[in-house]
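Peer 1: Handing you a structure now.
The values are calculated or read from the model by the stated rules, or taken from the named source; none is laboratory data. All of these numbers come straight from a predicted model, not from anything done at the bench. Methodologically, a virtual Cβ is constructed for each residue, glycine included, from the backbone with ideal geometry; neighbour enumeration extends over all protein chains shown.
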Amino acid sequence: MKTVNLCLLGDSISYGAWDVSGGWVDRLRSYLHGITLASRFQSYYFAYHLGIPGDTTGDVLARLGYETEAREPHVIVLAVGINDARWRVPEQIPHVDEAVFRRNIETLITEGRRFTQSLVFVGLTSVDESKTMPFEPNCYFENERIRRYDTIIRELTAAAGVLYLSAYDALSPAEDLEDGLHPNARGHEKLFLLVRDFLLQYNLI
């Protein structure tokens, strides 16, 4: 009998805001339930939805240990970083400095490996700047900065031998975003298929 526990930690995009079907993580969970049922309970797949709106890499790092330890993960999927890249005016100060962001990603890799060698980082998605500049008063999401933070994730995971899934070009800003930042149902379906196929490709599910 096979059991696979997946812990999926992230921010409001992995949480599924504002999709009535629960976002890409809940779609993945439903898909895995289907695999369990099709196996007639010879395989058990559990996907733990651990996204919290507003979380940064530091927030995820602070809860990674106790969130994952109780669930004994075989696979950890991390989808976080876009909130780190947001900035405010007039100083244009990022919410999390790039140097701190880099250290947080490195520590997430180190800490994640305490629980499993199967780590996956889902890269950052682009935004519709016509709606995110500003997104809220004194809160800006800019693609150039998001791409820089995404590049840091890609470079650090490559250096550590950790799986990285690029999602920057996965969504169409005009068609797949609800409010310029968060995917709509169509966008979440695209992300689900992207993540599902990636996990299948590397035999993680």
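Peer 1: Answer with yes or no whether residue 175 is surrounded by fewer than 16 Cβ atoms within 10 Å (Cβ to Cβ), farther than 19 Å from residue 59 by Cβ and modelled with pLDDT of 95 or more.
Peer 2: Against the criterion (surrounded by fewer than 16 Cβ atoms within 10 Å (Cβ to Cβ), farther than 19 Å from residue 59 by Cβ and modelled with pLDDT of 95 or more), residue 175 qualifies.
Peer 1: Still on this structure: Search the stretch 97-126 for residues being hydrophobic (A, V, I, L, M, F, W, C) and more than 28 Å from residue 204 (Cβ to Cβ), and hand back the single one that is surrounded by the most Cβ atoms within 10 Å (Cβ to Cβ).
Peer 2: Of everything passing the filter in the stretch 97-126, 100 is surrounded by the most Cβ atoms within 10 Å (Cβ to Cβ).
Peer 1: Name, by its number, the condition in (1) more than 27 Å from residue 32 (Cβ to Cβ); (2) surrounded by 22 or more Cβ atoms within 10 Å (Cβ to Cβ); (3) touching a His at 6+ places or on another chain (Cβ under 9 Å) that does not hold for residue 47.
Peer 2: (1)
Peer 1: Does residue 16 qualify as being buried (at least 18 other Cβ atoms within 10 Å of the Cβ), at positive phi and either under 13 Å from the mean Cα position of the chain (by Cα) or of a type outside the set (Val, Ile, Thr) (or both)?
Peer 2: yes
Peer 1: Which helices (runs of 4 or more DSSP H) does the stretch 65-168 wholly contain that include 2 or more residues that are touching a residue at least 12 places away in the same chain (Cβ under 8 Å) and hydrophobic (A, V, I, L, M, F, W, C)?
Peer 2: Once the helices (runs of 4 or more DSSP H) in the stretch 65-168 are filtered for at least 2 residues that are touching a residue at least 12 places away in the same chain (Cβ under 8 Å) and hydrophobic (A, V, I, L, M, F, W, C), what remains is 82-85, 98-112, 143-160.
Peer 1: Quick one: which of 114, 154 is among the charged types (D, E, K, R) and over 16 Å from the mean Cα position of the chain (by Cα)?
Peer 2: Answer to the check: 114.
Peer 1: If you go through the stretch 68-93, how many residues are surrounded by fewer than 18 Cβ atoms within 10 Å (Cβ to Cβ) and not hydrophobic (A, V, I, L, M, F, W, C)?
Peer 2: Summing the residues that are surrounded by fewer than 18 Cβ atoms within 10 Å (Cβ to Cβ) and not hydrophobic (A, V, I, L, M, F, W, C) in the stretch 68-93 gives 7.
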